[in-house]
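The values are calculated or read from the model by the stated rules, or taken from the named source; none is laboratory data. These figures come from a predicted structure and were not determined experimentally. Quick reminder, even Gly has a Cβ in these numbers, built from the backbone with ideal geometry, and neighbours come from all protein chains shown. What goes into the accessible areas is simple: the full protein's heavy atoms, side chains included, and nothing from ligands, DNA or RNA. Shrake-Rupley method; radii C 1.70, N 1.55, O 1.52, S 1.80 Å.
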Amino acid sequence: MTIETRAVMESEFPDWLRATATGFLQPPTPSAEEIAARRTGVDLSRTFGAFDDGRCVATYRTFAQRLTVVGGATVPSNAITNVSVSPTHRRRGLLSRLMTADLAVAKERGDAVASLVSAEYPIYGRFGFGPATWITEWEIDLPRTGLDRRWAGPADGGRIDLVDPADVRVLGPQLHERLAAVRPGTVSRTERWWQVSTGALKVPSQPLKEQFYAVYRPADGQVDGLLAYQCDDHWGRAKQPQNTAQVSEMIALNPAAERALWNYVCSVDWVTTLRSGHRAPDDLLPRLLPDPRAAKVHTHADLLWLRVLDVVRALEARTYDVSATLVLEIHDGLGLSSGRYRLEVSEQGAHCTRTTDSADLTLDVRELGALYLGDESALRLVELGTLEEHGAGAARMAERVFRTPKRPWCPDVF
């Protein structure tokens, strides 16, 4: 029979949830509680499946998202999640059918970009996505750091306070909005996100171990940082504590908040190992330690992938630190963003238009996604053979145009 790809109906949601769990190798039979909890976070008009003889065999879902770009503005993004194909139906083009149709709708809707977190690296480049942000997680041997474990609070007149989950649901969104205003790569969070992450809304398949929450307040009393962490309970044979603290969230709006929160969690009694959680690769953490060698990289990987849908809107939304003009020839296998664009930038803003002028650079739309937030190097792309330079100095100019001093960072997996 012909496999049908379409939006999911209300009565099909449990089957769609089963197919999603199957694709992610999770227990495939959702409980009534699981179905109810999941349903509240899903817009069925943006939830799609592939159906073979009435059974869901591939899944795909999107939701509205705001992405912070260089300079602090946000653009609308088509956030993609819950992508799966059942092992019985691989290599039949189901993902291609679902994604190609959805990206065309997203462009028509007015989304500047599409975004996702890729479980497997090779999949999404062929749809025009490029890795735009990376994360690093450190594991820290706390006795080796050289920090004074007797630390009793910030030396800047501020303070650390433990707070409850209900406090986090009030303070967290405000802090995150302040972070999003200054950190490219940050994506919007919903009220539901805060409810799930703090345990107010329980999803059976995502059991949440109760966490500790700490906030940093400078001398003026305003909350400038939030830390969430949990600890295990492990003791050595000599009756010595050998516990690990796992950080799940840190929002630090300035170096003082970052220093204070790291010093706090590195000095908790009985904790000998700290896992930092997903941080920006240029995070201050290792260099905050008297002995940075106490921190070893546990994970370093791509996180947020971007696909530019509206070249003009995307490039005009971000800021630039130089005055320059570049003509970009964009190749797009799906035909959504193909064309030649003249980009004129200065510290006062950007202007981008279609043009018939000769191109300075030729690149695939996936490379534009990687360059967009300032993390990728145009010069490196030339060396890799994925960006073609037509005039001497064009790639070096693109390096100056797109690169940013501080690396973009996306704290969230979605």
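Details
- Helices in the chain that qualify as membrane-span-like (whole DSSP H runs, Cα extent of at least 20 Å along the helix axis, mean Kyte-Doolittle hydropathy of -0.5 or higher) are 94-109, 165-180.
- Most to least accessible of CYS231, CYS410 (protein chains only, probe 1.4 Å): CYS231, CYS410
- Inverting the pair-averaged 1/r between distinct Cα atoms of segment 37-132 gives 14.5 Å as its Kirkwood hydrodynamic radius.
- 222 nm mean residue ellipticity, helices alone, for the chain (DSSP H n ≥ 4; -39,500 (n - 2.57); rounded to 500): -7000 deg cm²/dmol
- For Cα extents along the principal axes in Å, the value computed from the atomic coordinates appears in the list (1) 77, 45, 38; (2) 68, 57, 38; (3) 84, 47, 43 under label (2).
- Of all accessible heavy-atom area on the chain, the percent that carbon and sulfur account for (1.4 Å): 51 percent
- Most mobile listed residue (THR74, THR325, THR190) in the chain, GNM with C-alpha springs under 10 Å: THR190
- Span per principal axis, largest first, for the Cα atoms of segment 167-208 (Å): 35, 22, 13
- Projecting the Cα positions of THR29, ASN82, ALA260 onto the charge dipole of the chain (unit charges on Cβ atoms of Lys, Arg, Asp and Glu, taken about the Cα centre) puts THR29 furthest along the positive direction.
- Under 10 Å, Cβ to Cβ, from THR273 - net charge with Lys/Arg +1 and Asp/Glu -1: -2
- The chain, dipole about Cα centre (Lys/Arg Cβ +1, Asp/Glu Cβ -1), debye to the nearest 20: 460 debye
- The charge dipole of segment 29-73, taken about its Cα centre with unit charges on the Cβ atoms of Lys, Arg (+1), Asp and Glu (-1) only, comes to about 220 debye.
- Where both bridge residues fall in the chain, DSSP classifies roughly 85% of the beta bridges as antiparallel.
- Given charges at beta-carbon only (K, R positive; D, E negative), |dipole| of segment 2-147 in Debye: 380 debye
- D (Stokes-Einstein, µm²/s), Kirkwood Cα radius, segment 246-381, 1.567 mPa s at 4 °C: 71 µm²/s
- Dimensionless Rg ratio for segment 1-41, taking C-alpha atoms and the 2.2 N^0.38 Å reference: 1.23
- For a straight C-alpha distance cut-off of 17 angstrom, the aspartates and glutamates reachable from LYS107 (same-chain residues fewer than eight places away being disregarded) are ASP310, GLU316, ASP332.
- Heavy-atom SASA rank of HIS89, HIS278 (probe 1.4 Å, accessible area, largest first): HIS278, HIS89
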